[in-house]
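Got a structure here, written out as structure tokens. Questions coming.
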2 protein chains.
Amino acid sequence: MREREAEEAGRRLRVVIVGAGFGGLACARALDGKPIDVLLVDRENFHLFTPLLYQVATALLNPSDIAFPLRRVFRRSRNVRVRQGDVVGIEFESKIVHLGDGAALPYDRLVLATGSANAYFGNPGFAGHTIGMKRLGDAMRLRNHVLSCLEMATRSPEPEQRRSWLTFVIAGGGPTGVEYAGALGELLRLVIGRDFPELTLDATRIVLVEGRDRLLGQFDARLGAYARRVLERRGVEVRVSTLVVSADERSVQLSDGELIACRTVVWSAGVRSSDPLSEDAADRAPGGRLVVDARLRVPGADGVFAIGDAAAAPERLGGEVLPMLSPPAMQEGRYVARLIAREARGHQRPGESPPFRYVDKGIMATIGRSSAVAQIGPFRFRGLVGWLAWLAVHIYYLLGVRNRAAVLASWAWNYIRKDRTIRIIARSEPDAVAESVARPSVEAPAREAAPRPDP
Amino acid sequence: MREREAEEAGRRLRVVIVGAGFGGLACARALDGKPIDVLLVDRENFHLFTPLLYQVATALLNPSDIAFPLRRVFRRSRNVRVRQGDVVGIEFESKIVHLGDGAALPYDRLVLATGSANAYFGNPGFAGHTIGMKRLGDAMRLRNHVLSCLEMATRSPEPEQRRSWLTFVIAGGGPTGVEYAGALGELLRLVIGRDFPELTLDATRIVLVEGRDRLLGQFDARLGAYARRVLERRGVEVRVSTLVVSADERSVQLSDGELIACRTVVWSAGVRSSDPLSEDAADRAPGGRLVVDARLRVPGADGVFAIGDAAAAPERLGGEVLPMLSPPAMQEGRYVARLIAREARGHQRPGESPPFRYVDKGIMATIGRSSAVAQIGPFRFRGLVGWLAWLAVHIYYLLGVRNRAAVLASWAWNYIRKDRTIRIIARSEPDAVAESVARPSVEAPAREAAPRPDP
């Protein structure tokens, strides 16, 4: 080892990780402290704890509760550097990552952990008339939007118009759709009646639309049926085997023929792998995910790995493709970090290392107050037990003592006081520098060469 | 009384209060429970605790910590209703308030509590190249902007360019400028060095520019001198008797001849009364404030009162005009509420009631960690004692148990851990409905007639 280190003294292995979601962050943390130069690139300056995004969208949590500054994570690291930027292209031959601000980042190993974005099944019009739930800005927008709809409803003397402001259609009955539907129902119950004497809860309507024949397709059928019963008991209309056919500002057309007048369509019906490669730069699996081998390498691209939602990673050698969830992403990130670290130490070529193998730790989803479903190995939990398990797991995986304390305090306040104090319609004023720091714009400041991290 | 109520049974006095700042809110709360129909109109759906705005701008507090939903304040009220909207015109003759969304609100008594906006002393170009500190969106923008400047600095290999990203000019040495300068210095000290290994604190520069010959002009001269010493000891350059002559994206020109290359100019140099009346609709005092009589009535406009920053209220009959601060605004709000309530009970015509008289409870400002100045009657406090007094007063006046707890927790965390976890660059995605709920836009939904509050 000593020889090897000396040999490399002049030039350590340079690893660029694109994306600081669950996969990229796990990879960077696993490489922290190793004799490797790591550069973690993300469009945002924070890691987003997406499983709680719906709670920001329903005014239960502050945006900062689930967003953890990346520089803080690696504050004590001597080899991991953070760079905010938007990757616009990658040259596999010359091993360079291009950022939107003009910077060119050379790499020896590249980890693509770029996640997924909303997919609209060939209906690009959906994007303009629906609100997604993938990024922090989406959740803040959805909070502002829903609260604004309630204000607009108070001004509509005509019952039909008022009803359309109070009708919320959620496309997609997976965990995101189910969790948001439950939390939105709770928000309306808590807020209308107490805060809006002009409105009644009867006039509100939440419709959850799912294309498959049941909710929570990834879960056991009994748990999906349970989720449906709980939601329906709480006033959510559940439509299975139904698709959103079209949407505009005033209405949604469902495949069962119903036209619903509404001002809000939340999109959680489909995601598609998202990466900065051109369509033909790499082989793709269904959903646009990058094809990777059993060691998560992108075939034909030397030194390039892909993990998480961006990659179609097999469960084990020859196994099924893993779902787009945080546990596979994190395990893949740590696996790739191990591979790279071993290689840097000169112990092993990637081809010699054992292939990736996923350890299933289970899946879970909440359905609102005191109710959740969880599926861990052969066990199925639901109701209060599932909910408590859900709380514990999410607090455990959340980054940072302060964020954990803030989230616990908010949950306790919400549970005991039945109150959501964060229901403010707050827009940050636009700022040219803040816009350009990750995305170049017309008013972007002069482009500067990006310094290489130099620990 | 009983006769009077019966007499009015068909039609209670309708009061419209425009603006839910300190003045408007105090007025509405004082009218809560009275046999009067009150409608409180504001552009936002929350009351903003502006004295702590600079702490949101420096990543110490969450926006929701200092923004309290208005509907929550009046949740149990049977006679106060809240309406989000932007007042675009007022007809004194027919007693109607016009909102930007087309609604027309009739009133019997109108209270103008519309506050103030930034004033640029005839340099409209300043507005586009400076960031204000008046509204919540400004503070969120400033937070995003400053954090983005640090990111941009890490990408600037050229020292001069890097320095310009790290130079922050604050125009105006009143309480807002002093408090922001102190808090910004703290933010940079806490964040750079720990989070930004690429940067050093030496490269940063904070310049506080004040046109008068000392800081904190409203305070005792010794307290202003003390504030200056503390700021300078903490690395802030203080320039008194100096004006900002011009500003663009890259630099600021000072009246002493210096041209400072910088990317951030914070504007706290001047405010101007802000109201929806046309220039000639009412008499105005210096600063654009509405002239009012000793009972805070707007001469020539029947049933119209003006309070707070919007009005040039005399301290007492024939006394000096009160400064633009929250204590006079609150006292004026409560005074006008008393006047209106008495009138509604038929006890008194406004002309018979005693004129408004201000009770000075003192002024205070923080200069950063463990240091503040306070001036209460003949007493002067500074240093730790002043700071503790400042903390106590601000917690006391903050609305809501949860907000108080959240702010206290943030302060304790910041003080003990020397950490600011809210340093995320977070922009909410734009939303047409949220934009139109208070301000009409091209994409605004159909205009609906506003319902009268009907308690």
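The values are calculated or read from the model by the stated rules, or taken from the named source; none is laboratory data. Here the structure is a predicted model, which is why all the values come from computation and not from measurement. We place every Cβ from the backbone using ideal geometry, glycine too, and count neighbours over all the protein chains shown.
Just the residues that are buried (at least 23 other Cβ atoms within 10 Å of the Cβ) and either without any contact (Cβ under 8 Å) to a residue 60 or more places away in the chain or in contact with a strand residue (DSSP E or B) (Cβ under 7 Å, 6 or more places away or on another chain) (or both), please, taken from the range B:113-125.
Correct list: B:ALA113, B:THR114.
When the residues of the range B:256-277 are filtered to those that are of a type in the set (Gly, Ala, Ser) and touching a residue at least 24 places away in the same chain (Cβ under 8 Å), which remaining residue is farthest from B:HIS98 (Cα to Cα)?
Kept after step one, since they are of a type in the set (Gly, Ala, Ser), are these residues of the range B:256-277: B:257, B:261, B:268-270, B:273-274.
Now narrow it down to the ones that are touching a residue at least 24 places away in the same chain (Cβ under 8 Å): B:261, B:268-270, B:273-274.
Values: B:ALA261: 45, B:SER268: 31, B:ALA269: 31, B:GLY270: 28, B:SER273: 20, B:SER274: 16 Å.
Within the range B:256-277, the match that is farthest from B:HIS98 (Cα to Cα) is B:ALA261.
Do we find a residue being at positive phi, at pLDDT below 95 and within 14 Å of another protein chain (Cβ to nearest Cβ) anywhere in the range A:180-195?
Going through the range A:180-195, the residues at positive phi turn out to be A:193.
So of that shortlist, the ones also at pLDDT below 95 come out as A:193.
Keeping just the survivors that are within 14 Å of another protein chain (Cβ to nearest Cβ) gives A:193.
Scanning the range A:180-195, I find at least one residue that is at positive phi, at pLDDT below 95 and within 14 Å of another protein chain (Cβ to nearest Cβ), so the answer is yes.
From the list B:TYR335, B:TYR358, pick out the single residue that is in a helix (DSSP H, G or I), under 21 Å from the mean Cα position of the chain (by Cα) and free of Cβ contacts under 8 Å to residues at least 60 places away in the same chain.
Numbers: B:TYR358 fails: in a helix (DSSP H, G or I).
When all the criteria are applied, what remains is B:TYR335.
Which condition breaks for B:LEU317 when tested against (1) crowded, with 24+ Cβ neighbours inside 10 Å; (2) over 17 Å from B:VAL18 (Cα atoms)?
(1)
Can you find a residue in the range A:394-403 that is outside any helix (DSSP H, G or I), free of Cβ contacts under 8 Å to residues at least 40 places away in the same chain and among the hydrophobic types (A, V, I, L, M, F, W, C)? Walk me through how you get there before you give the answer.
Filtering the range A:394-403 down to residues outside any helix (DSSP H, G or I) leaves A:398-400.
From what is left, the residues that are free of Cβ contacts under 8 Å to residues at least 40 places away in the same chain are none.
No, every residue in the range A:394-403 fails to be outside any helix (DSSP H, G or I), free of Cβ contacts under 8 Å to residues at least 40 places away in the same chain and among the hydrophobic types (A, V, I, L, M, F, W, C).
Which strands (runs of 3 or more DSSP E) does the range A:1-112 wholly contain that include 1 or more residues that are surrounded by 24 or more Cβ atoms within 10 Å (Cβ to Cβ) and within 21 Å of the chain's Cα centre (by Cα)?
Numbers: elements: A:14-18, A:37-42, A:46-48, A:67-69, A:80-84, A:87-91, A:96-99, A:104-106, A:109-112.
Ranges flagged: A:14-18, A:37-42, A:46-48, A:67-69, A:80-84, A:109-112.
Output yes when any residue across the range A:241-253 is within 14 Å of chain B (Cβ to nearest Cβ), of a type in the set (Lys, Arg), on the phi < 0 side of the Ramachandran plot and free of Cβ contacts under 8 Å to residues at least 60 places away in the same chain, and no when none is.
no
Any residue in the range A:140-156 that is more than 8 Å from chain B (Cβ to nearest Cβ) and closer than 22 Å to A:ALA310 by Cβ?
No, every residue in the range A:140-156 fails to be more than 8 Å from chain B (Cβ to nearest Cβ) and closer than 22 Å to A:ALA310 by Cβ.
Is it the case, given these coordinates, that B:PRO350 is modelled with pLDDT of 95 or more, surrounded by 14 or more Cβ atoms within 10 Å (Cβ to Cβ) and not acidic (Asp, Glu)? Give the steps one after another, and end with the answer.
Working: modelled with pLDDT of 95 or more: no; surrounded by 14 or more Cβ atoms within 10 Å (Cβ to Cβ): yes; not acidic (Asp, Glu): yes.
So B:PRO350 fails the test.
Also: Regarding A:VAL292, is this residue in contact with a Pro (Cβ under 9 Å, 6 or more places away or on another chain) and of a type in the set (Val, Ile, Thr)?
yes
Does A:ALA57 satisfy the condition of being modelled with pLDDT of 95 or more and within 14 Å of another protein chain (Cβ to nearest Cβ)? If you could, list the steps in order and put the result at the bottom.
Numbers: modelled with pLDDT of 95 or more: yes; within 14 Å of another protein chain (Cβ to nearest Cβ): yes.
Here the answer is yes, as A:ALA57 does meet what is asked.
Where residues in the range A:112-130 are out of contact with any Gly (no Cβ under 6 Å at 6 or more places or on another chain) and of a type in the set (S, T, N, Q), which of them is farthest from A:ALA306 (Cα to Cα)?
Result: A:THR130.
With the condition being over 24 Å from B:GLU44 (Cα atoms) and hydroxyl-bearing (Ser, Thr, Tyr), I'd like the helices (runs of 4 or more DSSP H) fully within the range A:123-219 carrying at least 1 qualifying residues.
Values: elements: A:124-129, A:136-154, A:159-165, A:175-191.
Qualifying helices (runs of 4 or more DSSP H): A:175-191.
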